[in-house]
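Taking it in order: structure first as structure tokens, then the write-up.
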Amino acid sequence: MHDPAQQRNEVLKRLELAVMHLNNSMSPLLVPEQGASIGYAIPGARDSNGIAAVPGKIIVRDGRVSAGGPCAFGADDACARIILTVMKCDPLIRSVATIRFSGNVLAVFEAMLLECVPLDRTKKAPGISTMDWGIASSCNDGVPDVIYDDGGDQRPGIIHVFGEDPLVVTNNIIICSNRI
């Protein structure tokens, strides 16, 4: 078994490297108005304290993508909830990034042969968190590479990109950035 402190340091190191790649190569067109997010969990994480993310999101500043702060554990509750939900379906999928939805971005991911699954809000049962339910219901046949929500008329759409590691997630986002 790995030393917990060593696991946490490795998670932070890999996430910081992924964020650096996003800062250098991600298209600002992929950053939602409220900011993009990326997170990475330690193996077996059970709550947000086991998931590192970027506090303050990833934003566009002076036309460039920029992290809102250094990666930290417990920094993004929404990102943590998404990762914890998918880890129940597949414990190896420990990273997610949330980016802006557009039909063009989705088409690029599909052209990359990534499995893309829609989040269907119309089937949600009352009293359940839309985020938790939507992610879980989209993983009925395993965790896809991408879960997307076009937002409908009520909100901006978002795309969640999943992977075992944040560098896999980042690589897919950078490939997409170069094709839009």
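The values are calculated or read from the model by the stated rules, or taken from the named source; none is laboratory data. Bear in mind the structure is a predicted one, so any value in this text is a computation, not a measurement. So basically every Cβ, Gly included, is an ideal-geometry build from the backbone, and we count neighbours across all protein chains shown.
At a glance:
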{"read-out": "Conditions (1) in a helix (DSSP H, G or I); (2) touching a residue at least 40 places away in the same chain (Cβ under 8 Å); (3) out of contact with any strand residue (DSSP E or B) (no Cβ under 9 Å at 6 or more places or on another chain); (4) under 19 Å from N171 (Cα atoms); number of the one not met by A107", "value": "(2)"}
{"read-out": "A52 over 13 Å from V11 (Cα atoms), of a type outside the set (V, I, T) and either under 14 Å from the mean Cα position of the chain (by Cα) or part of a helix (DSSP H, G or I) (or both)", "value": "no"}
{"read-out": "Residue among V96, V86 that alone is in a strand (DSSP E or B), at pLDDT 95 or above and within 14 Å of the chain's Cα centre (by Cα)", "value": "V96"}
{"read-out": "Selection within the range 14-48 - closer than 23 Å to G63 by Cα and part of a loop (DSSP other than H, G, I, E, B)", "value": "M26, S27, V31, P32, E33, Q34, G35"}
{"read-out": "Some residue of the range 164-179 being of a type outside the set (D, E, K, R) and at pLDDT below 95", "value": "no"}
{"read-out": "The range 102-154: number of residues that are acidic (D, E) and modelled with pLDDT of 90 or more", "value": "4"}
{"read-out": "Residue selected from the range 37-49 under the condition polar (S, T, N, Q) and within 16 Å of the chain's Cα centre (by Cα), by the criterion nearest to E16 (Cα to Cα)", "value": "S37"}
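For every residue, the table says whether it meets (1) on the phi < 0 side of the Ramachandran plot; (2) under 12 Å from the mean Cα position of the chain (by Cα); (3) free of Cβ contacts under 8 Å to residues at least 60 places away in the same chain.
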| position | (1), (2), (3) |
| --- | --- |
| W133 | yes, no, yes |
| A136 | yes, no, yes |
| D141 | yes, no, yes |
| D145 | yes, yes, yes |
| D150 | yes, no, yes |
| I158 | yes, yes, no |
| E164 | yes, yes, no |
| L167 | yes, yes, no |
| I175 | yes, no, no |
